[in-house]
Amino acid sequence: MTRQMTGAKMVVQALKDQGVDVVFGYPGGAVLPIYDEIFQQNDIRHVLVRHEQGAVHAAEGYARSTGKPGVVLVTSGPGATNAVTGLTDALMDSIPLVVLTGQVPTFMIGTDAFQEADTVGITRPCTKHNWLVSDTKHLSDTIHQAFHVATSGRPGPVLIDIPKDVQFASADYVTPQKARTHHYQPQVKGDIEGITDLVAAIEKAKRPVFYTGGGVINSGPAASQLLRELVEATGIPITSTLMGLGAYPASGKHWLGMLGMHGLYEANMAMHGCDLMINIGARFDDRITGRLDAFSPDSTKAHIDIDPSSINKVIKTDIPIVGDIAHVLEDVLKVWKSRGRKVNGEGLAKWRARIDEWRKVDCLKFKQQGKTIKPQYALHRLEELTKGHDRYICTEVGQHQMWAAQYLGFEDPNRWMTSGGLGTMGYGFPASIGVQMAHPEALVINVAGEASWLMNMQEMGTAVQYRLPVKQFILNNERLGMVRQWQELLHGERYSSSWSEALPDFVKLAEAFGAKGILCKDPADLDDAIMEMLDHDGPVIFDCLVEKHENCFPMIPSGEPHNKMLLGEASTKDAIKEGGAVLV
Amino acid sequence: MSPLKIKKGSSKHSAYNLRPQFSDVQETHTLAVIVDNEPGVLARVIGLFSGRGYNIDSLTVAEVDHTGHTSRITIVTTGTPQVIEQIKAQLGRIVPVHEVHDLTVEGASVERELALLKVEGEGDKRVEALRLADIFRANAVDSTHSSFVFEITGAPEKIDAFAELMRPLGLVEMARTGVAAMSRGL
């Protein structure tokens, strides 16, 4: 049985058949037929954002908090170009998105028509794949394939450019079941030889460490479950990248905390001193490795990743395993159990004792004193007052993001939405909107800096319109904090353009949008103010005035290895050498 | 390197040819990439090379299966062994790419390129050009009283050698197709 319908109707039907319940978007001339179809149905909710970049970040928040692909609908030309930052962000962090863009009619493509842009050309390097649909008869099939490509293998954003005449024309609708099978079928099962090598290494290792990343989250809840089982059974300490927080619970006894440039002392020292590094779904990013030629010099390195190109990209791997994390971990557990559940007990005990010595450094300690709120204290109190809640945390990018990763504890996967790879300021607020849409009853907090937050502040309109009670927890130091910190460390304290002179009154700003604003500047008032924020049923801008010159520690200065961390009290003078100064 | 004495490298099932260290020796490899013949696929491949800073020495492309709509792209590239492995893995990530073959490591292969050379000259030079063309088995596909267009097929080195010889004899223009390559045997 075939059904004839217009391209516009096909889009809505295909989204329904793919299980889509929310679309984030912004209308315009080239997508009006699709918006007309959306108007005439009730299965799919459309969230009108205030800027297309916001739509893509909101869809990212939705995707990361649910594990389902996020869907975006924007118009041609500026609608598509405004989506580029979000697409690049999603590509770097491997977030599944399906972005639909309108395009001028096929007969006008190439004529420099009004709101025409070469969308597939512009987005080719920032999508996993993209399509220009030139005939309605291919449209539904292409949409189904797009969902397949976005969600299989290493997930990522895909884009479908749909000319307006294709939306008006009619053709047969193809259901997902009848869609062509795509040849793109990445390998999910790991090579058993590599898995056996890894198990043999685990059995012998004296100083092993798990180094986990966003791949565990992307692989789905089963991967986190299997990871927890493996860690508990072997007793091997575990650290994670920024992207992987929550895969293993922060309260777990083998948890070392986050690693990397602003990672915990014990995590980085364990990475440096280990004899077996088991990388699970991370990619040896430069924020993690620091100086490459001094990176974990004495370890055998195993690397499990679904993307073959991640292996041996920057760090040479001794035991490469290409496959989906959940599939591979299941096999690792199976093989390890069948070989008698062996570990090097004596070595591990010594290793844990050494790690406990490192823990005693207490690298996150801070002293809240005086009348100014320390940002660490603000997050410490936020953690204490919200940790029992059904809680989702988003962040913007900068110092506050690192402090949030350090001071908040993540017990479950999909609870932490942050722009890792691209480092997109302005990500967190729209992302929190996407998360709240997916989890209407949950507590959604965006930990922000005032500078990042202003980059997408227009989304207050969206939050208020859809009554999304997102809490914008702004650590306001009236500075571009991370930029300022780097200028202090390597540009002779010349603070070039890193402070904001004309900040808005955030309380009045909230009120202007019809939301609630809370100002807090005294540590003594902080708990009450946070409670007031939590108790308010609606969006809140929480303007938390914090210490203006606080630096984020620990820090591995660029160009240095893991064991050369700067701790809070250390002298930062000349910490970064000439070679390190050219690195970002 | 490895204190645990774990066997280096991976299994025969793996695509990775792991070397003890990342070597900085530059190698030239010929890759055959089978892709869906769809709009933009060449741009994806070229964009990958430019975006990630890889070299293209030569690139040819044409549809080779008209019913299955697949094309074969032959790329000659230069890089360290680690970069070559990255190039192959990155090509494999492109959604319309079906297969990536490294003809340089997969056994013996033949490489051929076609070139057209326009040589202008009269008298002895013209006779000498014809004689050399005969030695190189190049055909004159166009001829006037003062010029030839030669067609020559062969490995890129042979074409380079022929062009060098033609230069003093009045080489004024050259067009080359780039390399097409195939593994020997089955």
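The values are calculated or read from the model by the stated rules, or taken from the named source; none is laboratory data. The structure displayed is predicted, hence computed values, not measured ones. So basically every Cβ, Gly included, is an ideal-geometry build from the backbone, and we count neighbours across all protein chains shown.
Exactly one condition in (1) in contact with a helix residue (DSSP H, G or I) (Cβ under 8 Å, 6 or more places away or on another chain); (2) surrounded by 24 or more Cβ atoms within 10 Å (Cβ to Cβ); (3) among the small types (Gly, Ala, Ser) is false for residue A:299; which is it?
(1)
Suppose we filter A:347, A:340 for residues that are surrounded by fewer than 17 Cβ atoms within 10 Å (Cβ to Cβ), within 14 Å of chain B (Cβ to nearest Cβ) and modelled with pLDDT of 95 or more; which single one remains?
Matching residue, one of A:347, A:340: A:347.
Given the criteria more than 11 Å from chain B (Cβ to nearest Cβ), at pLDDT below 95, out of contact with any Asp or Glu (no Cβ under 7 Å at 6 or more places or on another chain) and surrounded by fewer than 24 Cβ atoms within 10 Å (Cβ to Cβ), does residue A:326 qualify?
Answer is no for this residue.
Just need a number here: residues in region B:34-61 that are more than 14 Å from every other protein chain (Cβ to nearest Cβ) and among the hydrophobic types (A, V, I, L, M, F, W, C).
Counting residues in region B:34-61 that are more than 14 Å from every other protein chain (Cβ to nearest Cβ) and among the hydrophobic types (A, V, I, L, M, F, W, C) gives 3.
Pairs under 6 Å by beta carbon, first residue closer than 25 Å to residue A:184 by Cβ and touching a residue at least 60 places away in the same chain (Cβ under 8 Å) in region B:92-119, partner in a strand (DSSP E or B) and of a type outside the set (A, V, I, L, M, F, W, C), six or more apart or different chains?
B:96/B:36; B:102/B:29; B:103/B:30; B:103/B:109; B:103/B:183; B:106/B:183
Could you check, for region A:267-283, whether at least one of its residues is β-branched (Val, Ile, Thr) and more than 14 Å from chain B (Cβ to nearest Cβ)?
yes
Conditions (1) at pLDDT below 95; (2) touching a Lys or Arg at 6+ places or on another chain (Cβ under 8 Å); (3) assigned by TED's automatic domain parsing to the domain that holds residue A:440; (4) among the aliphatic types (A, V, I, L, M), marked per residue:
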position	(1), (2), (3), (4)
A:501	yes, no, yes, no
A:508	no, no, yes, no
A:514	no, no, yes, no
A:524	no, no, yes, yes
A:527	no, yes, yes, no
A:536	no, yes, yes, no
A:568	yes, yes, no, no
A:573	yes, no, no, no
A:583	yes, no, no, yes
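For region A:252-271, state whether one or more residues are touching a residue at least 60 places away in the same chain (Cβ under 8 Å), over 30 Å from residue A:553 (Cβ atoms), surrounded by fewer than 24 Cβ atoms within 10 Å (Cβ to Cβ) and out of contact with any Phe, Trp or Tyr (no Cβ under 7 Å at 6 or more places or on another chain).
Checked against the condition, which is being touching a residue at least 60 places away in the same chain (Cβ under 8 Å), over 30 Å from residue A:553 (Cβ atoms), surrounded by fewer than 24 Cβ atoms within 10 Å (Cβ to Cβ) and out of contact with any Phe, Trp or Tyr (no Cβ under 7 Å at 6 or more places or on another chain), region A:252-271 yields no hits at all.
Could you tell me which residue of region A:511-525 is nearest to residue A:380 (Cα to Cα), considering only residues that are among the aliphatic types (A, V, I, L, M) and out of contact with any strand residue (DSSP E or B) (no Cβ under 6 Å at 6 or more places or on another chain)?
Only one residue fits best here, namely A:524.
Return yes when residue A:288 is under 16 Å from residue A:191 (Cα atoms), more than 10 Å from chain B (Cβ to nearest Cβ), out of contact with any Asp or Glu (no Cβ under 7 Å at 6 or more places or on another chain) and not acidic (Asp, Glu) and no when it is not.
no
Does region A:303-320 hold any residues that are within 9 Å of chain B (Cβ to nearest Cβ) and in a strand (DSSP E or B), and which are they?
If the condition is that a residue be within 9 Å of chain B (Cβ to nearest Cβ) and in a strand (DSSP E or B), then A:319, A:320 are the ones that fit.
Which number in (1) of a type in the set (A, V, I, L, M); (2) surrounded by fewer than 24 Cβ atoms within 10 Å (Cβ to Cβ); (3) not in a helix (DSSP H, G or I) marks the one condition that residue A:72 misses?
Among (1) of a type in the set (A, V, I, L, M); (2) surrounded by fewer than 24 Cβ atoms within 10 Å (Cβ to Cβ); (3) not in a helix (DSSP H, G or I), the lone unmet condition for residue A:72 is (2).
Select the strands (runs of 3 or more DSSP E) contained entirely in region A:117-209, then report the ones holding at least 1 residues which are crowded, with 19+ Cβ neighbours inside 10 Å and away from chain B (no Cβ under 14 Å).
A:157-163, A:170-173
Determine whether residue A:248 is at pLDDT 95 or above and within 20 Å of the chain's Cα centre (by Cα).
When the stated conditions are applied, residue A:248 passes them.
Using the structure shown, decide if residue B:85 is within 10 Å of another protein chain (Cβ to nearest Cβ), buried (at least 18 other Cβ atoms within 10 Å of the Cβ) and in contact (Cβ under 8 Å) with a residue 24 or more places away in the chain.
It is true that residue B:85 is within 10 Å of another protein chain (Cβ to nearest Cβ), buried (at least 18 other Cβ atoms within 10 Å of the Cβ) and in contact (Cβ under 8 Å) with a residue 24 or more places away in the chain.
Is it the case, given these coordinates, that residue A:196 is polar (S, T, N, Q) and closer than 30 Å to residue A:53 by Cβ?
no
Considering only residues that are in a loop (DSSP other than H, G, I, E, B) and free of Cβ contacts under 8 Å to residues at least 40 places away in the same chain, which ones fall in region A:1-51?
A:1, A:21, A:40, A:41, A:42, A:43, A:44
Taking region A:25-59 as the search range and keeping residues that are farther than 30 Å from residue A:396 by Cα and of a type in the set (Gly, Ala, Ser), which one is surrounded by the fewest Cβ atoms within 10 Å (Cβ to Cβ)?
A:29
Out of curiosity, is residue A:114 in contact with a Gly (Cβ under 9 Å, 6 or more places away or on another chain), aromatic (Phe, Trp, Tyr) and surrounded by fewer than 17 Cβ atoms within 10 Å (Cβ to Cβ)?
Spelling it out, residue A:114 is indeed in contact with a Gly (Cβ under 9 Å, 6 or more places away or on another chain), aromatic (Phe, Trp, Tyr) and surrounded by fewer than 17 Cβ atoms within 10 Å (Cβ to Cβ).
Per-residue answers, yes or no, for (1) over 29 Å from residue A:62 (Cα atoms); (2) under 20 Å from the mean Cα position of the chain (by Cα); (3) of a type outside the set (D, E, K, R):
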residue: A:95; (1), (2), (3): no, yes, yes
residue: A:100; (1), (2), (3): no, no, yes
residue: A:130; (1), (2), (3): no, no, yes
residue: A:145; (1), (2), (3): no, no, yes
residue: A:166; (1), (2), (3): no, no, yes
residue: A:172; (1), (2), (3): yes, no, no
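Within region B:90-108, can you find the residues that are more than 9 Å from chain A (Cβ to nearest Cβ) and surrounded by fewer than 17 Cβ atoms within 10 Å (Cβ to Cβ)?
Selection gives B:99, B:105, B:106, B:107, B:108.
Looking at A:436, A:376, which is the one that is at pLDDT 95 or above, part of a helix (DSSP H, G or I) and farther than 22 Å from residue A:221 by Cα?
Result: A:376 is the single residue among A:436, A:376 that is at pLDDT 95 or above, part of a helix (DSSP H, G or I) and farther than 22 Å from residue A:221 by Cα.
Mind listing whichever residues of region B:133-148 are surrounded by 17 or more Cβ atoms within 10 Å (Cβ to Cβ) and under 15 Å from residue B:172 (Cα atoms)?
B:147, B:148
Within region A:1-29, take every residue that is under 25 Å from residue A:65 (Cα atoms) and among the polar types (S, T, N, Q) and give me the one that is nearest to the chain's Cα centre (by Cα).
Filtering region A:1-29 for residues that are under 25 Å from residue A:65 (Cα atoms) and among the polar types (S, T, N, Q), the one nearest to the chain's Cα centre (by Cα) comes out as A:18.
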